[in-house]
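Worksheet: one structure, shown below.
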Amino acid sequence: MSIFDDPLDADRDLQRGCSCGLHQSAAEHDQAAALRCEPVESEEKRYEGVVASAVMRAMFPQDMARRAFLKSVGASTALAALSQFFPLKTATDLFADTGAPEKKDLKVGFIPITCATPIIMAAPLGFYAKHGLNVDVVKTAGWAVIRDKTINKEYDAAHMLAPMPIAISLGLGANAIPFTVPAIENINGQGIVLATKHKDKRDPKDWKGLKFAIPFDYSMHNYLLRYYLAEAGLDPDTDVQLRSVPPPEMVANLRADNIDGFLAPDNICQRAIYDGVGFMHLLSKEIWDGHPCCSFAASREFITTAPNSFAALTRSIVDATAYASKAENRKQIAEAIAPANYINAPVTVLEQVLTGTYADGLGGVKTDAKRVDFDPFPWQSFAVWMLTQMKRWGQIKGDVDYKAVAEQVYLATDTKKLMTEMGLSPPASAYKSFAVMGKTFDPAKPEDYVASFKIRKAS
């Protein structure tokens, strides 16, 4: 995450293409993956920054002149001078007044997994209240229940698997209802766990006949596990059994020998290790580093009927996600989301997930700071990739307008605007290429990508 450019920093450009001021273009900024600027301490400071930035741009169209002015008088004197000639406080208040929520009391459903961290933590850590909302985050049993309660308007919005709003919008598994993804909840943060008795089966080519659990048919877990198996030469529809099991029930099923393993959220993986019934085969980031998993989702109807409530809710989630992205906040977050009404897990299990230092179930302790991460931007190229896997495995029949569906469901343009207003720095484009198990995905050529796989369902 990055904040607004500081208009009173004499060493920072306001006119360059990168919003953090350190790169010549937004593309160069995006490529500098190691750079993670810090969010400002309050919403008021964000708004002050954007107003002051606009005034400085107007007064000093050329950065050279602005920098010379600041170096000669200093930031404090410059701010005082600006305040004499322009009502910064009034302008900041007006900018911050985005409209009162039509509905302040909201219900948001979630599944008790660490993928839902921003949605859950926003309640006990006060992010919803900060944006004028009273949100009841409701723990829910499974993904089909989440879907049905959101469609039936028992929930105003929900934590959903990233492919679910696409599937709902297309009418896969339910009636077609326009749904949207204004924010991704988490990236990475999943793993493949095998039962302890399979410690000698580290090569997936030896997994023929095994039974695996996934959370839901329309899930990144399903698509990533299928991808991994197919790359090992196994047909996931004929060589293994895949079963949909709610994440909270997976460890019990592994213990009871009903399944041989699962691809699931990291807190489920870590609980299996904590209970001594499984071991970590690999982290999902080893399949695709930077993959999305879960999303914050809402219906088009909710957006239309309560736009201010929707905007406040999205700001709350984006704000919480920015907070969760900072490593120093992870232990506090683990304590906040551990109670029974949220994830209901030992704090130590959640710390191992969120901090990235964890027991692997094989007697070792590993460290990976990016085991799970949080980035709210809803990349439309993510949606295109999910659609290719829906097509590859026969969930979608016939022609697919990948770009149109991605842009209708994943609200990159809206979220980009909101993030900019909050002082954050969204990417310049909603599309990017990435690699899955070494194979490059070009979102501009989805049909070529589908056709390139030897193992897939016949169209």
Requested in this report: Could you tell me which of rounded, prolate or oblate describes the stretch 338-459, using a ≥ b ≥ c as the square roots of the eigenvalues of the alpha-carbon gyration tensor, with rounded for a/c under 1.5 and, failing that, prolate when a/b is larger than b/c and oblate otherwise?
Outcome: oblate
Query raised in the report: Do any of Lys71/Lys417; Lys211/Lys366; Lys397/Lys454 go past 21 Å between their Cα atoms, and which?
Result: Lys71/Lys417; Lys211/Lys366
Query - Peptides 365-376, 150-161 ordered by average Cβ neighbours within 10 Å, highest first - result: 150-161, 365-376
Query raised in the report: Of Lys391/Lys445; Lys149/Lys416; Lys391/Lys439; Lys199/Lys457, which pairs sit farther than 21 Å apart, going by alpha carbon to alpha carbon?
Result: Lys149/Lys416; Lys199/Lys457
Query - GluC sites (Glu not before Pro) within the stretch 357-459, DSSP loop, no more than 16 other Cβ atoms inside 10 Å - result: none
Query - Ranked by how many other beta carbons lie within 10 Å on average, peptides 213-226, 423-436, 385-398 from highest - result: 213-226, 385-398, 423-436
Report task. Please go through the stretch 268-343 and write out the chymotrypsin sites (Phe, Trp or Tyr not before Pro) that DSSP classes as loop and that have at most 10 other C-beta atoms within 10 Å. Result -> none
Requested in this report: Using only Cα atoms, figure out Rg for the stretch 137-212 and give it as a multiple of 2.2 N^0.38 Å.
Outcome: 1.50
Report task. For Arg202 and Ser452, compute 0.36 nm times the residue count separating them, minus their Cα-Cα distance, and round to one decimal in nm. Result -> 87.3 nm
Report task. Give a residue-ordered list of calculated ³J(HN,Hα) values for the stretch 300-309 (Karplus: 6.51 cos²θ - 1.76 cosθ + 1.60, θ = phi - 60°; whole Hz; x for Gly, Pro). Result -> 4, 5, 5, 4, 6, 7, 9, x, 6, 5
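Coordinate-derived values only; no laboratory data. What you are looking at is a predicted structure, and each value in this text was computed from that prediction instead of being measured. Positions of Cβ are backbone-derived with ideal geometry, glycine not excepted, and every protein chain shown enters the neighbour counts.
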